[in-house]
Amino acid sequence: MFLRSDDNEARRVEKLTRISDVLVERIDRLEESRGSAWSMFQAAVALEQEVQARTRDLEKALADLSDRNRELAVARAFAEEANRSKTRFLRAASHDLLQPLSAAKLFLSALQDTAQDELQTELSQRLAGAFESVEELMHAVLDISRLDSQRIEFQRKPVHLGEMFQRLAVEYLPMAQAKGLRLRFIPTMAVVESDPTFLRRIAQNLISNAIKYTDQGGVLVGARKRGESVWLEVFDTGIGIAAHDRARIFNEFHRISRDGGAPGMGLGLSIVRRACAKLGHPIAMDSEPGRGTVFRVSLPLVTPESRVIVPAALQSGPCLRGRVALVVENDAAMRRALQLLLRDRLGMVARVTGGTAEALAEMGDDPPDVVIADYNLDNGDTGLQAIAALRRAVGQPVPAIIITARRDPEIGRAGLEMGALVLEKPLRPDELQAALQHMLA
């Protein structure tokens, strides 16, 4: 009886013990779970604080970056305005300097036509060379300034290489003949895509450079088709370029050294490189010292012309004697210099005026054979307006030449549109003579 009671008590104790163990185990798990959740909570709080700190740092960095961007934008605006101011100053200064320089060159030409002794002849030649150097340097500085401008805009359009060759022949034949060189342009029908003004400037520098560094033989200019491109090529039989000079000839003020050195400042090929880079025209060069050089510029082909362009017969141009030239020039010294050149050297009848209104009054009912007008006249008047007014008055497209000290592509394009030849100051007498012969043919 008592044994049975003890067994029951033992089982009850055992059962209670198991229940207690289970409860303790559950409590332990609950504590562990609660501890893990607390740890997670603490980690989340710490992470949120870290994110907030990083967010504040990022916001501060963005604010600093925004301030720096504003400062850079202001600095860039100042730099661009300074560059534009420099370009405007150079343009204005070049006009004011080229105007008297052009008149001086024409007066010097008139002086050279008079009887001189040996010393006077030498002095005249040296003065002419000095004027040429000043002119070349001023034009080169202006070209480099424009090409370095970030706001330069090109007017890409079809360019007839044959017609461009005609104009270049008029311009550079006297220079080649003065050195006893042959200058030949191969007729071409090619039409390429480029900016007409800057492409002509590229060709001018290559041809001028070829003539300067050639003492015997001549210079050949042509165009060669290669697939969808046309290579403008300028060959010369000059001194050539040594291997160690080929990587440097496109640098500013680098000139190939030789006895008697070619005139110039070493800026022509630098202008060619800049213009070709801006226009996307690849340039190549081959040379052999002592035998000559060829420069090639690759131009995108547009379409072949339907007619052959034949260079004008410049050496046997028409006689200018007795032909009437109406000059529209607001500068008194330049008017007088042109009058002496046209009258005394070319034998033309020179009627000189200072502006559009005076030119219309001077012309009356007797239209001239050619109009020579300066671009910059007084009171906002321009040579383009003068030529247009004179043509309207006579009802016919009188041949016209615009002379300008401003190297502005817009002037060249406007002259091209109205069929007027644009010549830049300082004006060379031989260049004007060849232009007049070409226009009055």
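The values are calculated or read from the model by the stated rules, or taken from the named source; none is laboratory data. Worth saying up front: this structure is predicted, and the values here are computed from it rather than measured. For neighbour counting, all protein chains shown are included, and Cβ atoms are generated from backbone atoms with ideal geometry for every residue, glycine included.
A Cβ distance below 7 Å, combined with a sequence gap of six or more or placement on separate chains, defines the contacts here; from region 155-176, residues that are within 20 Å of Asp195 (Cβ to Cβ) and touching a residue at least 12 places away in the same chain (Cβ under 8 Å) reach residues that are part of a helix (DSSP H, G or I) and among the small types (Gly, Ala, Ser) in the pairs Met164/Ala203; Leu168/Ala203.
Each row is one residue, and each column tells you yes or no for (1) basic (Lys, Arg); (2) at pLDDT 75 or above; (3) part of a helix (DSSP H, G or I); (4) within 60 Å of the chain's Cα centre (by Cα).
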{"site": "Arg12", "(1), (2), (3), (4)": "yes, no, yes, no"}
{"site": "Leu30", "(1), (2), (3), (4)": "no, no, yes, no"}
{"site": "Ala43", "(1), (2), (3), (4)": "no, no, yes, no"}
{"site": "Glu50", "(1), (2), (3), (4)": "no, yes, yes, yes"}
{"site": "Arg54", "(1), (2), (3), (4)": "yes, yes, yes, yes"}
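Yes or no, residue by residue, for (1) surrounded by 12 or more Cβ atoms within 10 Å (Cβ to Cβ); (2) modelled with pLDDT under 85:
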site	(1), (2)
Ser257	no, yes
Gly292	yes, no
Pro311	yes, yes
Leu314	yes, yes
Val327	yes, no
Arg343	yes, no
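For Leu299, indicate whether it is more than 19 Å from Gln433 (Cβ to Cβ), at pLDDT 85 or above and not basic (Lys, Arg). Answer is yes for this residue. Within region 406-439, if we keep just the residues that are over 15 Å from Thr197 (Cα atoms) and among the aliphatic types (A, V, I, L, M), the residue that is surrounded by the fewest Cβ atoms within 10 Å (Cβ to Cβ) turns out to be Met418. Of all residue pairs spaced 6 or more apart or on separate chains, those with beta-carbon atoms under 8 Å, a first member in region 346-368 that is in contact (Cβ under 8 Å) with a residue 12 or more places away in the chain and in the same structural domain as Glu329 (by TED's automatic domain parsing) and a second member that is buried (at least 18 other Cβ atoms within 10 Å of the Cβ) and polar (S, T, N, Q) are Leu346/Gln433; Ala350/Gln339; Val352/Gln339; Gly354/Asn330; Gly355/Asn330; Ala359/Thr353; Glu362/Thr353. Regarding Val221, is this residue aliphatic (A, V, I, L, M), outside the structural domain of Pro174 (by TED's automatic domain parsing) and at pLDDT 90 or above? It is false that Val221 is aliphatic (A, V, I, L, M), outside the structural domain of Pro174 (by TED's automatic domain parsing) and at pLDDT 90 or above.
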